[in-house]
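Chemist: To start, I am sharing the structure in question, which I have written as structure tokens.
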Amino acid sequence: MRFDTVIIGGGLAGLTAGISLQEAGRKVAIVSAGQNAMHFFSGNFEDAGPVRDRVAALFAAAGVRTNATDGLQLMAMGKFKNVSLTLEDVTVFPDEHIAEKVLLVNFAGYHDFFGTFIAETLENLGISCRIRFVRLAEMESLRTSPSEMRSVNIARMMDEYWEKVVTDIRVLHKDEDLILLPQVFGLKDAAVLDKIRKALPARVAFVGTMPPSVPGIRTQMLLKHRFEVLGGTFLMGDEVTSAALHEGIISSITTRNLDTVRLFADHFIIATGGFFSKGLVSTPTQVYEPLIGLDMDYSEDRNAWYNEEFFESQPYMNFGVKTDAELHPFKDGEPIRNMYAIGSILGNTRKEDFGTAAGLAIRTAFAAADAIKGGNV
Amino acid sequence: MKNNEYDVIIVGGGITGAGTARDCAMRGLRVLLVERYDIATGATGRNHGLLHSGARYAVTDQESANECIRENMILRRIASHCVDETDGFFITLPEDDLNYQTKFFESCLSAGIHAEIMDPKEALRMEPSINPDIIGAVKVPDGSVDPFRLCAANMLDAKLHGAQVLLYSEVTGFIKDGDRIVGIKTFNHQTHKTGEYYANITVNAAGIWGHHIAELAGVNIDMVPAKGALLIFAHRVNGIVINRCRKPSNADILVPGDTVCIIGTTSTKIPFDKCDTVTVTPDEVNLLIEEGAKLAPALASTRILRAFAGVRPLVAADSNDSRNISRGIVCLDHEKREGLKGFISITGGKLTTYRLMAEMATDLVCEKLSVNKPCETANAPLPGSDGKSFREVAQKIWDNPTTGQKAAAGRLGTGVTNIPAASSLDQSLICECEQVSVGEINSAIERWDVNGLRDLRRRTRVGMGPCQGELCSCRAAGLLAKAHGCTDRARADLQRFMTERWKGMYPIGWGDALREAEYTQWIYKHVLGV
């Protein structure tokens with residue numbers, strides 16, 4: 001099989017690059033191992049500022065609505081964080097005085113939404129906050145197994161029963177001007193968010209929960225759908241098994257599911273993620289990139305991998321594959337001229353040029369796609 | 001009688017202090033126990049959790065070996081819900097001297113330990129994780145004991161017999177009347193208030209910190225802090241304890257406990273000022289894995305959960321090698337020793353022999369107070385081990401117990417009846433790794449002096465599983481915030497808890513452990529915004 005570009009990794013970076021290339025009429029395949037970091041996305045595209053309008057447009061075409069507004073996000077444990085581009089699920093507040101009176105609604109027995117913490121933050125700001133619980137008969141089936149009260153399971157129910165919750169909230173509501181709800185709505189269809197907003201007698205804001213992230217999963221599904229609608233080939237649940245590399249050019253790869261059928265392409269993008277996604281692998285003595293054995297930028301002294309303080313930035317997070325200015329990774333000291341490394345596989349090695357986190361994923365994805373569209377191999 | 005006067009004050013909330021408080025309270029004394037932090041924060045919570053058969057000491061110290069086997073048999077009765085009767089093997093590897101096995105076997109028998117020489121093939125059949133190259137194996141009645149559970153049960157029973165327990169209260173000085181200690185001064189780390197408490201006798205049961213307590217009292221115990229490093233593996237690789245049949249050395253005991261197994265230990269002398277901040281070095285980690293894999297080769301490829309270290313309270317002899325110092329029980333009557341009345345130190349010993357240590361200390365207290373009541377702790381079961389087995393109890397309350405309910409019954413024994421489980425809300429899980437329910441956590445907060453997440457972990461195992469608290473700690477923090485009515489405190493507590501978990505994770509921070517760490521650090525920073 002032959003493509004213009006094969007992308008290894010179907011997370012935020014891989015999908016953004018894939019859509020961008022398909023929009024330009026290129027023929028692209030994405031090889032995806034399955035779950036990715038979108039599943040624990042906060043909804044905030046941190047560090048995406050420089051490409052804000054471009055990513056908002058790309059997402060909008062995929063049906064993913066964003067808030068391209070500078071302001072504050074109310075975080076899951078009650079702190080505020082500066083944002084400039086978020087998913088529409090995240091309500092962006094101009095300042096900390098988010099309301100006069102707040103009604104915070106949770107599901108009885110759902111411990112992954114931290115109402116008590118949020119309420120105290122608000123009370124400290126002089127905002128009264130009432131916490132109330134709804135308990136739907138339909139949700140009792142979730143409780144028969146004590147580990148089922150988790151965001152995605154609730155969200156699946158809410159796709160069907162959100163109107164009942166709205167009815168309950170209308171009864172609970174008194175004179176509050178803001179209603180806070182957990183981000184467990186609109187897993188299948190983000191339009192539900194608007195319907196809830198319209199059906200309730202006050203402003204509504206959705207606040208994050210413990211992962212899995214319902215907005216993140218929905219976004220990932222929409223982006224994948226967009227990529228496929230544009231004609232892209234998404235190989236789900238597959239893994240790259242080998243790459244044919246000769247004189248600084250990769251000509252083809254093989255995958256586990258396709259067995260002997262080789263995927264040929266002019267360009268390759270590696271977007272396999274960081275440690276959690278197994279794009280990077282660590283042992284007691286080294287950190288390596290497992291697919292191709294790309295050259296790494298890291299410390300060989302394990303003592304230098306960690307900061308003793310959990311909440312400080314950790315040196316291991318800086319580790320990533322080594323790249324040149326155009327994001328070409330190296331193998332045995334030589335750049336691979338038709339491959340680009342994008343997203344978390346870079347760690348913080350390119351932080352100054354491309355930022356971190358979601359911003360890194362998107363900005364390096366655009367950079368790689370632009371280079372490929374420009375045709376400079 | 002004022003409300004700050006007691007017959008006996010016990011300093012130290014480890015297993016020795018808890019056991020002594022229980023024994024004293026059962027003999028009718030008015031007891032106060034003070035502990036600097038929480039229960040089992042010192043060596044009690046930082047060891048293998050091995051219920052010694054005594055075999056390890058049989059060759060070098062017959063007296064200790066005999067104490068161990070007697071106490072081992074007692075704990076199986078009185079603390080059945082804390083003990084896992086696994087048995088143990090002492091294996092001989094090709095590089096070891098098989099002649100030592102003969103000497104070892106005979107020494108076990110003479111110490112009263114029921115040892116049995118096994119055909120290596122039969123040993124491998126019984127415990128398939130053992131190194132298949134073994135040339136000899138001896139079966140002994142070792143076991144596994146949950147030290148947190150044991151300590152909590154002793155503490156609870158002491159309180160049920162009238163003892164008062166002050167946690168987070170550090171002894172800052174003694175009140176003297178001439179040549180007699182008549183009381184203590186304390187500082188509470190949570191309320192930041194000072195206190196004074198009076199008693200005829202004060203028992204120093206503070207483990208390695210007993211050195212400092214003795215100094216405050218004006219006497220000297222020549223102790224040697226010996227650090228031991230250990231690793232916890234994410235699976236229960238072995239079902240039977242595996243020891244190396246040779247002179248005690250590094251990393252030669254592998255103990256299964258609950259869902260994990262623990263390899264250890266090392267033995268290194270450290271200065272007193274390092275006792276509060278022991279950490280595990282990469283060299284120690286490497287040594288533990290390398291030596292551990294000789295006992296059970298699967299350890300080389302098993303995920304490690306965390307590394308930790310404890311400090312043994314050894315009492316000095318004339319040797320420089322910390323392994324040759326006696327691990328026997330030391331009960332010091334400072335009146336006879338230095339002429340200081342009203343002050344006793346109980347130290348040395350082992351987790352397995354804590355009850356005997358408590359009995360010796362309490363006998364001395366009673367002698368001084370002219371109380372003539374015999375010790376009953378060897379026969380009276382601890383709360384949780386009273387009555388029938390927990391399985392029968394579980395069956396009485398639940399027709400068809402879930403995994404979580406079985407886990408709770410395993411932790412609490414018959415005490416599981418105290419957990420609210422009436423509604424599905426009580427049964428929902430906070431900690432999925434260890435299957436701890438909302439009901440169990442709320443019950444621990446109510447009954448067991450839980451001030452924060454770390455206290456909760458010692459009483460319920462919340463955060464001890466493979467995820468190391470990444471998800472459950474936030475949920476539990478929510479319950480604590482509700483119970484204590486303060487989220488700022490709960491948030492700060494959550495930060496301390498995660499910092500503490502990380503301290504045991506980064507020494508083994510590679511492979512899946514690093515993946516988990518990256519995920520956790522991401523969630524806390526970007527998703528939760530802690």
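Chemist: Looking for whichever is in contact with a Lys or Arg (Cβ under 7 Å, 6 or more places away or on another chain), over 14 Å from A:Phe114 (Cβ atoms) and more than 9 Å from chain A (Cβ to nearest Cβ) here; the options are B:Gly465, B:Gly504. Which one fits?
Modeler: Details: B:Gly465 fails: in contact with a Lys or Arg (Cβ under 7 Å, 6 or more places away or on another chain).
Among B:Gly465, B:Gly504, only B:Gly504 is in contact with a Lys or Arg (Cβ under 7 Å, 6 or more places away or on another chain), over 14 Å from A:Phe114 (Cβ atoms) and more than 9 Å from chain A (Cβ to nearest Cβ).
Chemist: Out of everything in region A:25-42 that is outside any loop (DSSP other than H, G, I, E, B) and small (Gly, Ala, Ser), what residue ends up being farthest from the other protein chains (Cβ to nearest Cβ)? First the steps, then the outcome.
Modeler: The initial filter retains those residues of region A:25-42 that are outside any loop (DSSP other than H, G, I, E, B), namely A:28-32, A:37-40.
Those still in the list that are small (Gly, Ala, Ser) too: A:29, A:32, A:37.
On the way: A:Ala29: 27, A:Ser32: 18, A:Ala37: 8 Å.
Residue satisfying both the conditions and the ranking: A:Ala29.
Chemist: Being within 7 Å of chain A (Cβ to nearest Cβ) and either in a helix (DSSP H, G or I) or surrounded by fewer than 20 Cβ atoms within 10 Å (Cβ to Cβ) (or both) is the filter here; which residues of region B:510-521 pass it? Write out each step before concluding.
Modeler: From region B:510-521, those within 7 Å of chain A (Cβ to nearest Cβ) are B:510-511, B:514-515, B:518-519, B:521; that's our starting set.
Answer for region B:510-521, where residues must be within 7 Å of chain A (Cβ to nearest Cβ) and either in a helix (DSSP H, G or I) or surrounded by fewer than 20 Cβ atoms within 10 Å (Cβ to Cβ) (or both): B:Gly511, B:Leu514, B:Arg515, B:Glu518, B:Tyr519, B:Gln521.
Chemist: To continue, here is another question. Name every residue in region B:3-47 that is under 17 Å from B:Pro374 (Cα atoms), within 21 Å of the chain's Cα centre (by Cα) and of a type outside the set (Ser, Thr, Tyr), in order of residue number.
Modeler: B:Gly19, B:Ala21, B:Arg22, B:Asp23, B:Cys24
Chemist: Would you check which residues across region A:43-83 are touching a strand residue (DSSP E or B) at 6+ places or on another chain (Cβ under 8 Å), assigned to a loop (DSSP other than H, G, I, E, B) and either in contact (Cβ under 8 Å) with a residue 24 or more places away in the chain or within 14 Å of chain B (Cβ to nearest Cβ) (or both) and list them?
Modeler: Passing the criteria: A:Gly43, A:Phe45, A:Glu46, A:Val64, A:Arg65, A:Met75, A:Ala76.
Chemist: Checking A:Asn303 against (1) without any contact (Cβ under 8 Å) to a residue 12 or more places away in the chain; (2) closer than 21 Å to B:Val527 by Cα; (3) not small (Gly, Ala, Ser): exactly one of these is not met. Which one?
Modeler: Going through the list (1) without any contact (Cβ under 8 Å) to a residue 12 or more places away in the chain; (2) closer than 21 Å to B:Val527 by Cα; (3) not small (Gly, Ala, Ser), A:Asn303 breaks only (2).
Chemist: Is region B:397-411 home to any residue that is closer than 30 Å to B:Glu518 by Cα, among the acidic types (Asp, Glu) and not assigned by TED's automatic domain parsing to the domain that holds B:Val280?
Modeler: Taking region B:397-411 and keeping what is closer than 30 Å to B:Glu518 by Cα, we get B:403-404, B:407.
Adding the requirement that they be among the acidic types (Asp, Glu) leaves none.
Within region B:397-411 (the criterion being closer than 30 Å to B:Glu518 by Cα, among the acidic types (Asp, Glu) and not assigned by TED's automatic domain parsing to the domain that holds B:Val280), the answer is no, since none of the residues qualifies.
Chemist: Quick one: which residue in A:Ser251, A:Ser277 is surrounded by fewer than 21 Cβ atoms within 10 Å (Cβ to Cβ) and among the small types (Gly, Ala, Ser)?
Modeler: Details: A:Ser277 fails: surrounded by fewer than 21 Cβ atoms within 10 Å (Cβ to Cβ).
Just one listed residue meets the conditions, A:Ser251.
Chemist: Another question about this same structure. I'd like the residue in region A:344-360 that is within 12 Å of chain B (Cβ to nearest Cβ) and hydrophobic (A, V, I, L, M, F, W, C) and, out of all such residues, is surrounded by the fewest Cβ atoms within 10 Å (Cβ to Cβ).
Modeler: A:Ala357
Chemist: To continue, here is another question. Enumerate the helices (runs of 4 or more DSSP H) found wholly within region B:96-213, keeping only those where 2 or more residues are on the phi < 0 side of the Ramachandran plot and touching a helix residue (DSSP H, G or I) at 6+ places or on another chain (Cβ under 9 Å).
Modeler: On the way: elements: B:98-110, B:120-126, B:147-160.
The qualifying helices (runs of 4 or more DSSP H) are B:98-110, B:147-160.
Chemist: Only one of these conditions is not met by B:Arg77: (1) closer than 25 Å to B:Pro313 by Cα; (2) surrounded by fewer than 24 Cβ atoms within 10 Å (Cβ to Cβ); (3) of a type in the set (Lys, Arg). Which number is it?
Modeler: The failed condition is (1).
Chemist: Only one of these is out of contact with any Gly (no Cβ under 6 Å at 6 or more places or on another chain), aromatic (Phe, Trp, Tyr) and within 14 Å of another protein chain (Cβ to nearest Cβ): A:Phe264, A:Phe276, A:Phe234. Name it.
Modeler: On the way: A:Phe264 fails: within 14 Å of another protein chain (Cβ to nearest Cβ); A:Phe234 fails: within 14 Å of another protein chain (Cβ to nearest Cβ).
Testing whether each residue is out of contact with any Gly (no Cβ under 6 Å at 6 or more places or on another chain), aromatic (Phe, Trp, Tyr) and within 14 Å of another protein chain (Cβ to nearest Cβ) leaves just A:Phe276.
Chemist: Continuing with the same structure: Which of the residues that make up region B:492-509 are free of Cβ contacts under 8 Å to residues at least 40 places away in the same chain and surrounded by 21 or more Cβ atoms within 10 Å (Cβ to Cβ)?
Modeler: Just the residues of region B:492-509 that are free of Cβ contacts under 8 Å to residues at least 40 places away in the same chain, to begin with: B:492, B:495, B:498-499, B:502, B:506, B:509.
Selection gives B:Met498, B:Trp502, B:Tyr506, B:Gly509.
Chemist: Could you please let me know if B:Arg458 is more than 9 Å from chain A (Cβ to nearest Cβ) and more than 24 Å from B:His235 (Cβ to Cβ)?
Modeler: Working: more than 9 Å from chain A (Cβ to nearest Cβ): yes; more than 24 Å from B:His235 (Cβ to Cβ): no.
No.
Chemist: Going by what's in this entry, would A:Leu223 be described as more than 20 Å from A:Gly78 (Cβ to Cβ) and touching a residue at least 60 places away in the same chain (Cβ under 8 Å)? Give the derivation first.
Modeler: Working: more than 20 Å from A:Gly78 (Cβ to Cβ): yes; touching a residue at least 60 places away in the same chain (Cβ under 8 Å): yes.
For A:Leu223, the condition - more than 20 Å from A:Gly78 (Cβ to Cβ) and touching a residue at least 60 places away in the same chain (Cβ under 8 Å) - is met.
Chemist: Of everything in region A:315-343, what is within 13 Å of chain B (Cβ to nearest Cβ), crowded, with 24+ Cβ neighbours inside 10 Å and of a type outside the set (Gly, Ala, Ser)? Give them in sequence order.
Modeler: Answer for region A:315-343, where residues must be within 13 Å of chain B (Cβ to nearest Cβ), crowded, with 24+ Cβ neighbours inside 10 Å and of a type outside the set (Gly, Ala, Ser): just A:Tyr316.
Chemist: Any residue that is touching a residue at least 40 places away in the same chain (Cβ under 8 Å), within 15 Å of the chain's Cα centre (by Cα) and closer than 21 Å to B:Asn238 by Cβ - is there at least one of those in region B:52-63?
Modeler: yes
Chemist: Among what's in region B:260-305 and is away from chain A (no Cβ under 14 Å) and among the basic types (Lys, Arg), pick the residue that is farthest from B:Gly49 (Cα to Cα).
Modeler: It comes out as B:Lys274.
Chemist: One residue is enough: does region B:477-488 have a residue meeting the conditions facing chain A (nearest Cβ under 7 Å) and assigned to a loop (DSSP other than H, G, I, E, B)?
Modeler: Within region B:477-488, not a single residue is facing chain A (nearest Cβ under 7 Å) and assigned to a loop (DSSP other than H, G, I, E, B).
Chemist: Of the conditions (1) touching a Phe, Trp or Tyr at 6+ places or on another chain (Cβ under 7 Å); (2) more than 14 Å from chain B (Cβ to nearest Cβ), A:Ala243 clears all except one; give me its number.
Modeler: Among (1) touching a Phe, Trp or Tyr at 6+ places or on another chain (Cβ under 7 Å); (2) more than 14 Å from chain B (Cβ to nearest Cβ), the lone unmet condition for A:Ala243 is (1).
Chemist: Looking only at region B:427-447, decide whether some residue is among the hydroxyl-bearing types (Ser, Thr, Tyr) and within 9 Å of chain A (Cβ to nearest Cβ).
Modeler: Just the residues of region B:427-447 that are among the hydroxyl-bearing types (Ser, Thr, Tyr), to begin with: B:428, B:437, B:443.
Next, only the ones that are within 9 Å of chain A (Cβ to nearest Cβ) stay: B:428, B:437.
Taking every residue of region B:427-447 in turn, at least one turns out to be among the hydroxyl-bearing types (Ser, Thr, Tyr) and within 9 Å of chain A (Cβ to nearest Cβ).
Chemist: Sticking with this one: Being charged (D, E, K, R) and either away from every other protein chain (no Cβ under 14 Å) or touching a Gly at 6+ places or on another chain (Cβ under 7 Å) (or both) is the requirement here; does A:Asp301 meet it? Let's see the steps before the verdict.
Modeler: Numbers: charged (D, E, K, R): yes; either away from every other protein chain (no Cβ under 14 Å) or touching a Gly at 6+ places or on another chain (Cβ under 7 Å) (or both): no.
The answer is no for A:Asp301.
Chemist: At least 3 residues that are modelled with pLDDT of 95 or more and surrounded by 22 or more Cβ atoms within 10 Å (Cβ to Cβ) in each: list the helices (runs of 4 or more DSSP H) lying fully within region B:306-417 that qualify. It would help to see each step written out before you state the result.
Modeler: Values: elements: B:334-338, B:354-369, B:390-397, B:403-412.
Fully inside region B:306-417 and qualifying: B:354-369.
The values are calculated or read from the model by the stated rules, or taken from the named source; none is laboratory data. Keep in mind that what you see is a predicted model, and the values were worked out from it rather than measured. No Cβ is skipped: glycine too gets one built from the backbone with ideal geometry, and neighbour counts run over all protein chains shown.
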